[in-house]
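As structure tokens, the structure follows; a few thoughts come after it.
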Amino acid sequence: MPDLSRWLNAHLWLVYVFLYAPILVLMGLSFNRAGMPTAWTGFSTAWYGKLIESPEITSAAFNTLIVASVSTVIATMLGTALALGVSRRRPSSALEALLFAPMIIPDIVLAIALLSFYTLLGFTLGLHSIILSHVVFNIAFVCAIVRTRLRHFDYSVVEASVDLGASEFTTFLRVTLPMIWPGVLAGALLAFTLSVDEFIIAYFTAGPGSSSTTLPMRIYAMIRFGVTPEINAMATIVMLFSFTLVLVSQRINKGTVTRS
Amino acid sequence: MTPRLRSWLLMLPGIGWLTVFMIVPCLIVFFYSFFERGTYGGIDYIFGFQNFSRAAEPVYRTIFLTSARIALEATLIAVVVAYPAAYAISLAPKARQTRLLLLVMLPFWSNYLIRTYAWIVLLNREGLINRGLRGMGVIDEPLPILYNEFAVVTGLVYNYLPFVILAIYASIQRIDPSLREASEDLGAPGWRTFLRVTLPLTLPGVAAGAVFVFVLSIGNFITPDLLGGGRLQMVGNLIYDQFLSARDWPFGAAVSLVLIFIMMLLLFAQAAAVNRAQDHGRAA
Amino acid sequence: MSGPPVMALDSVTKRFGTVTAVDSVSLELKEGEFFALLGPSGCGKTTLLRILAGFEAPDTGRVMLDGAEITRLRANRRPVNLMFQSYALFPHMTVSGNIAYGLEMERLPRSEIDRRTAEIMDLAELTELAGRRPDQLSGGQRQRVALARALVKRPRVLLLDEPLAALDKKLREQMQIELKRLQHDLGLTFVVVTHDQEEALVMADRLALMEAGRVVQTGGPRDLYENPASRFVAGFIGVTNFFEGTTADGGLATEAHGLLRADATATPGKAATIAVRPERITLAAAATEGLNGARGLIAAVAYHGNDLNIHVAVPGTPRAVVARVDATSEIADRFQPGQTVCCTWRPEHGRLLTE
């Protein structure tokens, strides 16, 4: 059916245009001297310069990196351990539900739940509360990715190691971990990306004060309350950053990004 | 140490974290929904169902129905657009398929605030679409395509399209290719093979993807907030308002509960339908 | 091949939930012998192997090594090594890395590790492949690496779990001889688990046939082939013809063929069979004096290159009787499907089995 496939391919390319046009427009605009799409007045990187000069933006970026790094490290350790524990046996549906819940629950509901929780405990809010909250959904994603990797794991290799005289710990260190490492790394990169981009949970659990503002919170404020042209440069950088992380993750752990 | 004990020890920290930072907060929300808003925005611990009866009032019922309608529109459009795209990818040579899929998924992993903002740029009166259409002489006045339902649906479709494409693609891949060949061998032309064999067999996967998108759309906050211009209230915005402006946390909690309830209902219905489909036996 | 047993199992039982995988099994493994655990799938042979290796702890009974009890000793502390059916090579290590791994666990000095690794790679013709990873090797090469990895530790007993199952027929037959030669040259004790009775007969010095968790018969290949203890053993090992009837004075009373003579030690009146090997059956035109005979119709003649298997439909037998005829013999061409023929055999070549 050559005709049909030609139509299908045309449709596919239209879909790609639809998906990438907005992104490309933003990227183009970031280099527009005029800043807004009213007219193209020439190529300029001025807006990028203004970004770096703005202390609110740089401190927000710094905060975001801290939150993402710490929550990723915690979530990767817990999520990997969770995946290892769950993989040898068929998990009950309750356990499966628990592992999937953080990914399905609407982020606004999780956000208000966490806010209520912290308020009830009298917990002061700040970057630390964002970190604690981000770990929640990151655990689920890391666990899911590592579990996918473990599904094709040949457990007789673990027994072989023990048979050859290795202790449980040595076996984990020299056999299991190296074999699942690409999956763990990919999960970590994904968790990092999600944390960097996450807005609403951060918004609710950051508390007052600009010392705990993350980059998405600042972007939201910029969009809602005063669009300035730096935002296009900001958008471009953030997107390129995400793309790079995803591509690296895909490289390390072939096919996981599409499979999960 | 027995294997069982070791498994549980490994899972303990993760489960513990999820219990403390997800289950407990959700339980708190559950309990809050039965209480009342205190005079200064705190909580009055008076037990009752008033929040739920309030949620059933016409004002809020409309919000739920609007959210459902918008989510449904977005889901249907996404499915209709995604299916041919997924099919096209599945017809491509094996080596290219991974790359095509990756290209589809990349936007999905970028910041959703920014993706939504991009549509503000495109859709506003001075935005590219309007200026392009005016420049070509198609229209005289700029189209009001921002800060309304159209923009919100577009934004939702844009957000979730890659996911639906992936889900449908996976569903198509799972079909045994010899089934298509058998259909051809028995005399069916291409389109009939599609209608009678491929489509029915991929339907469960499509439905799963659709339910997922619907559930994600209905609880979405950012898209209606940024693209709806404050005029369009969906459930997500309602919850946000109750917690940050109206400071009626119990009511917000009740609304959240209703939202979760609807979601669970849909997910269970879908799981049940999948089970029934598997009982009827799929083509081996 | 004499002296105290190198390993012994004493009334070992292992249950998984409601299933008894190993039912009060006692076995002895002699030093330097090639032992086979044979049986259909689900008979418990693999579980038994894993108990020897230390991956399963028996519910009751003892496991002994060189006279000392090692029942609770963990697998990584036993001088017993297992070659896995799937080979279980470490995919992220090279061939030499895989082989050296077990020696590293013994905390030997680096120089000795390298020396012994090089030595065994030379023996197994793996030296050229030392730097490759498992996914760059063929099936046969991977098997050699798995074997080398276990052997380099010089275990007291080497356990092999269906080592030849993944190979095609010709390679399998080659490897059977290779393994036997290797075991003999090294003088180690080998225990092989297999479901292929021909393989067990070729390779083993002694074998144990298992069914439903129990050892049904132990002995040399000849013992099990020529003197099967039960109908199950007779049917599992090689091809057997069964003639059914009731025990009587002097042999077996059958409906269609009268009294078939056999060594009768059983009480009369019980349901029994006589088991006869195909090569012991001579086909004649009519009953012959002094021989047992059963008439039937030739159903098929199967040509196997060096011999003919002639399938005769005989009343009172569960399947067609198979008689083996040398293809080069002069009478070979005489047999055609449809002919009436009499299957004859000497009474001492038939075993009377009551169970």
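The values are calculated or read from the model by the stated rules, or taken from the named source; none is laboratory data. Everything quoted here is computed from the prediction, not taken from an experiment. Reconstructed Cβ throughout: ideal geometry from the backbone, glycine too, with neighbour counts over all protein chains shown. When the accessible area is computed, the model is the full protein with side chains, heavy atoms only, and any ligands, DNA or RNA have been set aside. Shrake-Rupley method; radii C 1.70, N 1.55, O 1.52, S 1.80 Å.
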When residue B:185 is run through (1) acidic (Asp, Glu); (2) open to solvent by 60 Å² or more (accessible area, probe 1.4 Å); (3) within 25 Å of residue B:27 (Cα to Cα), the failure sits at (3)
Residue C:345 meets each of (1) free of Cβ contacts under 8 Å to residues at least 40 places away in the same chain; (2) under 19 Å from residue C:243 (Cα atoms) with one exception, condition (1)
Out of curiosity, is residue B:267 open to solvent by 20 Å² or more (accessible area, probe 1.4 Å) and within 13 Å of chain A (Cβ to nearest Cβ)? yes
Exclusive hit being in contact (Cβ under 8 Å) with a residue 24 or more places away in the chain, open to solvent by less than 60 Å² (accessible area, probe 1.4 Å), hydrophobic (A, V, I, L, M, F, W, C) and under 24 Å from residue C:197 (Cβ atoms), set C:65, C:103, C:27: C:27
Could you say whether any residue in the range C:329-348 is in a helix (DSSP H, G or I), at pLDDT 85 or above and open to solvent by less than 80 Å² (accessible area, probe 1.4 Å)? yes
Output the residues belonging to the range C:1-23 that are over 21 Å from residue C:66 (Cα atoms), small (Gly, Ala, Ser) and surrounded by 15 or more Cβ atoms within 10 Å (Cβ to Cβ). C:21
Looking at residue A:86, is it without any contact (Cβ under 8 Å) to a residue 24 or more places away in the chain, open to solvent by less than 10 Å² (accessible area, probe 1.4 Å) and within 30 Å of residue C:101 (Cα to Cα)? no
Those residues that are open to solvent by less than 50 Å² (accessible area, probe 1.4 Å), farther than 18 Å from residue C:254 by Cβ and β-branched (Val, Ile, Thr), I need them from the range C:284-321; list them, please. C:298, C:310
Considering the range B:25-53 alone, what residues qualify as being open to solvent by 50 Å² or more (accessible area, probe 1.4 Å) and under 28 Å from the mean Cα position of the chain (by Cα)? B:27, B:30, B:31, B:52, B:53
Quick check on the range B:79-102: of everything there that is open to solvent by 70 Å² or more (accessible area, probe 1.4 Å) and among the hydrophobic types (A, V, I, L, M, F, W, C), which residue is nearest to residue B:170 (Cα to Cα)? B:91
Residue B:221 being within 11 Å of chain A (Cβ to nearest Cβ), in contact (Cβ under 8 Å) with a residue 12 or more places away in the chain and surrounded by fewer than 23 Cβ atoms within 10 Å (Cβ to Cβ): yes
Can you tell me which residue is nearest to the other protein chains (Cβ to nearest Cβ) among those in the range A:110-155 that are assigned to a loop (DSSP other than H, G, I, E, B) and either β-branched (Val, Ile, Thr) or open to solvent by less than 50 Å² (accessible area, probe 1.4 Å) (or both)? A:153
Determine, yes or no, whether residue A:16 is surrounded by fewer than 18 Cβ atoms within 10 Å (Cβ to Cβ), modelled with pLDDT of 90 or more, over 30 Å from residue A:157 (Cβ atoms) and of a type in the set (Ser, Thr, Tyr). yes
Criterion first (surrounded by 15 or more Cβ atoms within 10 Å (Cβ to Cβ) and either within 30 Å of residue B:78 (Cα to Cα) or more than 14 Å from every other protein chain (Cβ to nearest Cβ) (or both)) does residue A:22 satisfy it? yes
Checking A:209, A:183 in turn, the sole residue that is open to solvent by 10 Å² or more (accessible area, probe 1.4 Å) and either more than 10 Å from chain C (Cβ to nearest Cβ) or farther than 25 Å from residue A:73 by Cα (or both) turns out to be A:209
Of the residues B:211, B:258, B:235, only one is within 12 Å of chain A (Cβ to nearest Cβ), in contact (Cβ under 8 Å) with a residue 12 or more places away in the chain and surrounded by 24 or more Cβ atoms within 10 Å (Cβ to Cβ); which? B:235
Top-ranked residue in the range A:218-231 [being part of a helix (DSSP H, G or I) and more than 8 Å from chain B (Cβ to nearest Cβ); ranked as nearest to residue A:26 (Cα to Cα)]: A:230
Quick test of your reading of the structure: residue A:165 fulfils all but one of (1) open to solvent by 40 Å² or more (accessible area, probe 1.4 Å); (2) assigned to a loop (DSSP other than H, G, I, E, B); (3) more than 13 Å from chain B (Cβ to nearest Cβ). Name the failing condition by number. (1)
Show me the helices (runs of 4 or more DSSP H) entirely contained within the range B:90-187 in which 2 or more residues are within 30 Å of residue B:200 (Cα to Cα) and within 13 Å of chain A (Cβ to nearest Cβ). B:94-105, B:149-173, B:177-185
Is there a residue in the range A:28-41 that is within 18 Å of residue A:234 (Cβ to Cβ), in a helix (DSSP H, G or I), within 13 Å of another protein chain (Cβ to nearest Cβ) and touching a residue at least 60 places away in the same chain (Cβ under 8 Å)? yes
Taking the range C:193-231 as the region of interest, how many residues are part of a helix (DSSP H, G or I), among the aliphatic types (A, V, I, L, M) and under 9 Å from the mean Cα position of the chain (by Cα)? 4
Name the residues in the range C:245-263 that are buried (at least 17 other Cβ atoms within 10 Å of the Cβ) and either over 20 Å from residue C:281 (Cα atoms) or in contact (Cβ under 8 Å) with a residue 60 or more places away in the chain (or both), would you? C:245, C:247, C:248, C:251, C:252, C:254, C:260, C:261, C:262
Filter result (open to solvent by 30 Å² or more (accessible area, probe 1.4 Å) and farther than 21 Å from residue B:230 by Cα) within the range B:58-78: B:76, B:77
